[in-house]
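No value in this document is a laboratory result; all are computed from the given coordinates. Computed from a prediction, not measured in an experiment: that's the story for all the values here. In this analysis, Cβ positions are derived from the backbone assuming ideal geometry, glycine residues included, and neighbour counts consider all displayed protein chains.
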Amino acid sequence: MASGTTRAVGVDIGGTGIKGGIVDLETGTLLSDRIKVSTPSGARPDDVLAAVKEVLATLEVSDDDDMPLGVAFPAIVKNGKTLSAANVSHDWIGFEAENFFEEGLGRDIHFANDADVAGVAEVRYGAAKGKDGIVLLTTLGTGIGTALIHNGTLVPNTELGHLQRAEHKTDFEAWTAYSAMERDELTWKKWAKRLQKYYDHLEFLFSPDLFVVGGGVSKHADEFLPLLDLRTPIVPAVHRNNAGIIGAAALAAD
């Protein structure tokens, strides 16, 4: 963490909403209200940038503010470039996103995958703090994001929501995300049967020491986590839907 830095700004861009807040880097808590605006229809770059500016203006964060700024995005992010676009415009594929935001916002930022920063938040301040071995965070929302962490070190861009289901045309994300539960009008019990197959597969592939479940649905963890039968402990994320904001801010301050 940068010397003397105690606060940073995090912005979490999602398929349905863009959230932001000012974060206390000592405690991993929000010092401001969480500001949220809807993700613009189509989620094209210029429209998303305008929405991010709206969030920062509401937070009263200007382009000459010296607080570090982290931005989380729902795509594979490598060297500042977005390489995928699961729930946003395909214009983002192969797009120099970090440069685009820095030029548009008039300041340096730290740009990273949204699930990865949520994993960092849970390792530093939440359910995975102090946990050795392999921690696998999954965010269940519009899609499924994943963060793979070994002894506190992030392995970025794992995208394990897109694991293919044997002999099926759709991947696990399309069948198992919280949006699939809503789309198919599943009960908690029926959705848990889908989750069971997904976490069984992850358990077989990675032999994790801990699963952490994030995303907005994690506030209802008591409805579905007890229905899963796994060897690996599985717990809800502490920071739930704020994890992206907190993790993005923390990484920006590093």
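Structure notes:
- Computed on the range 201-254, with alpha-carbon pairs under 8 angstrom and 6+ residues apart, the relative contact order is 42 percent.
- Subtracting the Cα-Cα distance of Lys193 and Glu167 from their residue separation scaled by 0.36 nm leaves 7.6 nm.
- Cα gyration tensor shape of the range 179-246, rounded if a/c is under 1.5, else prolate or oblate by comparing a/b with b/c: oblate
- Euclidean distance of C-alpha centroids, the range 107-169 and the range 1-60, integer Å: 19 Å
- Distance from the Cα centroid of the range 215-254 to that of the range 64-82 is 21 Å (rounded to whole angstrom).
- For the chain: relative contact order, % (alpha-carbon pairs under 8 angstrom, 6 or more apart): 23 percent
- Placing +1 on the Cβ of every Lys and Arg and -1 on the Cβ of every Asp and Glu, with nothing else charged, gives the chain a dipole about its Cα centre of roughly 940 debye.
- Computed Rg/Rh of the range 130-237, alpha carbon atoms with Kirkwood Rh: 0.94
- CD proxy at 222 nm, helix term only [per DSSP H run n ≥ 4: -39500 (n - 2.57); per residue of the chain; nearest 500]: -9000 deg cm²/dmol
- Think of the chain as having a plus end and a minus end, set by charges on the Cβ of Lys, Arg, Asp and Glu; of Leu195, Gly152, Gly133, Leu195 sits farthest toward the positive end of this dipole.
- Taking every alpha-carbon pair under 8 Å whose residues sit at least 6 apart, the range 130-237 reaches a relative contact order of 29 percent.
- When the Gaussian network model of the chain links Cα atoms closer than 10 Å, the mean-square fluctuations of Asn87, Asn113, Asn79 top out at Asn79.
- Prolate/oblate/rounded call for the range 6-163, Cα gyration tensor, a/c under 1.5 rounded: oblate
- The length gained by stretching the chain between Val37 and Ala57 to full extension, at 0.36 nm per residue less their Cα-Cα distance, is 6.0 nm.
- Cα gyration tensor shape of the range 63-135, rounded if a/c is under 1.5, else prolate or oblate by comparing a/b with b/c: oblate
- Packing, taken as the mean count of other beta carbons within 10 Å per residue, orders the peptides 129-135, 183-189, 69-75 from highest to lowest as 69-75, 129-135, 183-189.
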